[in-house]
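The values are calculated or read from the model by the stated rules, or taken from the named source; none is laboratory data. From a predicted model like this one, the values you see are computed outputs, not experimental measurements. Note that we place each Cβ from the backbone using ideal geometry, even for glycine, and neighbour counts take in every protein chain shown. Protein only, heavy atoms only, side chains kept; ligands, DNA and RNA dropped before computing areas. Shrake-Rupley method; radii C 1.70, N 1.55, O 1.52, S 1.80 Å.
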Amino acid sequence: MLINDQQNKLMLFLMEHQSSFIDEWIDISVIESNDPHKEEIKNNAVTMYGLLIKVLEGEYSNTELQEFAYKVGKERLEAGINIGDFIYNVNAGRSILIKYCFQANLPTQELESFVNSLNTLFDSFCYHAVKRYTQLKNRELHTKTKYINDNHMDKLAVLGQISSSFVHEFRNPLTAIIGFNKILRDEYPDLKYLDIIQHELNELNFRITQFLHTSKTEIVKKGKENVAIDLLFENLKQLCYASTVDNKINLTIETEKPLFLYTFKDELKQVLLNLIMNSIDALKQMPNGRDLKISSRKSTDEIVFVISNNGPMIEEENTKTIFEPFYTTKELGTGIGLFVCKQIIDKIGGTIYCKSDEEWTSFFIHHPISSWD
């Protein structure tokens, strides 16, 4: 610290130039015209200057600085200011103050201690102000997110009730049509188009099941069973055989043998089939060289499923959005397929996510080995 006479000289110099400093600081600062605390900014600059004088007088209080920084942090949040602009303004004031200190005509080496104290003051102020700003911002975001989620769930509940009632009206006649089509296939095995009709009826039944899942808070548990992954993949291959052949898609399956998973087979099958069909739809946009890869691997406590295709890239900002209900990039898509997939995987305690680049788009499912116990 400077000896008393030098300290007093610097203090008197700074007090004499206080108005010039404040005006210069305000003039160089970034201040929005609609800032609700615009008039308070000058008072804050005066308070900060006063804290600097207290440093010289040896009456500086860290508690006083923290309370002042919290007040300013709250005001900056309410003003909606970019936090980067706030840091710029603080550092602009710091630079001006250091400039004024060197104009006091004191030996540079004797100013070093005070400049260090000045920097500590401004660093502490920034730290506490930004900390408070961040705390309040996070609290505000949490409140908004909770409101949006609650409102979103209310709308989904209403939509779920409507869709549940709606699709049940279709389920009964659809079941009858599927039954009669089976009778026709048994009695007239050579009759053309019955296989196509059966395939389309199965697709329709699958979509109806998806709508029903959106209206349920719990997934229907039909009971776990020990699932052989290679046989499950083979079944999936048969289900999508017509689509892969018709669209000239090269399907590759990789899995360890033997590999078993004690799980809810129908739910897992629905998720994997949905991802495969989505991949096929994406590959239709490619002129040639359409590749679809399905794989699984086991780690200590989970099995990881990967469904990959070399179709169009999904932009990074959309890789999470695609799991939201009713979000779709398809012209005639419903936007509930991936939403239902995420619901199912979430309820088994697993995770599902997407990664995409210019070469491959991959969906990863991390399925815990022990789930829904």
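Tally the residues that are over 35 Å from the mean Cα position of the chain (by Cα) and either at pLDDT below 85 or surrounded by 15 or more Cβ atoms within 10 Å (Cβ to Cβ) (or both), restricting the search to the range 64-91. Show your work before the answer.
If we filter the range 64-91 for residues that are over 35 Å from the mean Cα position of the chain (by Cα), which is where we start, we get 64-65.
Subset that is either at pLDDT below 85 or surrounded by 15 or more Cβ atoms within 10 Å (Cβ to Cβ) (or both): 65.
Of the residues in that region, 1 qualify.
Going through the range 77-86 one residue at a time, which ones are under 17 Å from SER124 (Cα atoms) and in contact with a Phe, Trp or Tyr (Cβ under 9 Å, 6 or more places away or on another chain)?
Scanning the range 77-86 gives ILE83, PHE86.
Conditions (1) in a loop (DSSP other than H, G, I, E, B); (2) under 16 Å from PHE364 (Cβ atoms); (3) touching an Asp or Glu at 6+ places or on another chain (Cβ under 6 Å), marked per residue:
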residue: LEU251; (1), (2), (3): no, no, no
residue: TYR262; (1), (2), (3): no, no, no
residue: SER279; (1), (2), (3): no, yes, no
residue: ILE294; (1), (2), (3): no, yes, no
residue: ARG297; (1), (2), (3): no, yes, no
residue: SER308; (1), (2), (3): no, yes, no
residue: GLU315; (1), (2), (3): yes, no, no
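Suppose we keep only residues that are closer than 18 Å to GLY349 by Cβ and out of contact with any helix residue (DSSP H, G or I) (no Cβ under 8 Å at 6 or more places or on another chain) within the range 253-268. Which one would you say is surrounded by the fewest Cβ atoms within 10 Å (Cβ to Cβ)?
TYR262
For VAL130, indicate whether it is open to solvent by less than 50 Å² (accessible area, probe 1.4 Å) and either in a helix (DSSP H, G or I) or not small (Gly, Ala, Ser) (or both).
Spelling it out, VAL130 is indeed open to solvent by less than 50 Å² (accessible area, probe 1.4 Å) and either in a helix (DSSP H, G or I) or not small (Gly, Ala, Ser) (or both).
Scan the range 153-174 and tell me whether some residue there is loosely packed, with under 15 Cβ neighbours inside 10 Å and at pLDDT 80 or above.
Checking the range 153-174: at least one residue is loosely packed, with under 15 Cβ neighbours inside 10 Å and at pLDDT 80 or above.
Go through (1) in contact (Cβ under 8 Å) with a residue 24 or more places away in the chain; (2) open to solvent by less than 50 Å² (accessible area, probe 1.4 Å) and name the single condition SER61 misses.
(1)
Say we look at the range 26-48 and pick out the residues that are more than 37 Å from the chain's Cα centre (by Cα) and free of Cβ contacts under 8 Å to residues at least 40 places away in the same chain; which of these is surrounded by the fewest Cβ atoms within 10 Å (Cβ to Cβ)?
Result: GLU39.
Residue pairs, Cβ under 6 Å, 6 or more apart or interchain, first in the range 284-297 and at pLDDT below 90, second open to solvent by 40 Å² or more (accessible area, probe 1.4 Å). List them.
Pairs that qualify, where the first residue is at pLDDT below 90 and the partner is open to solvent by 40 Å² or more (accessible area, probe 1.4 Å), are GLN285/PRO312.
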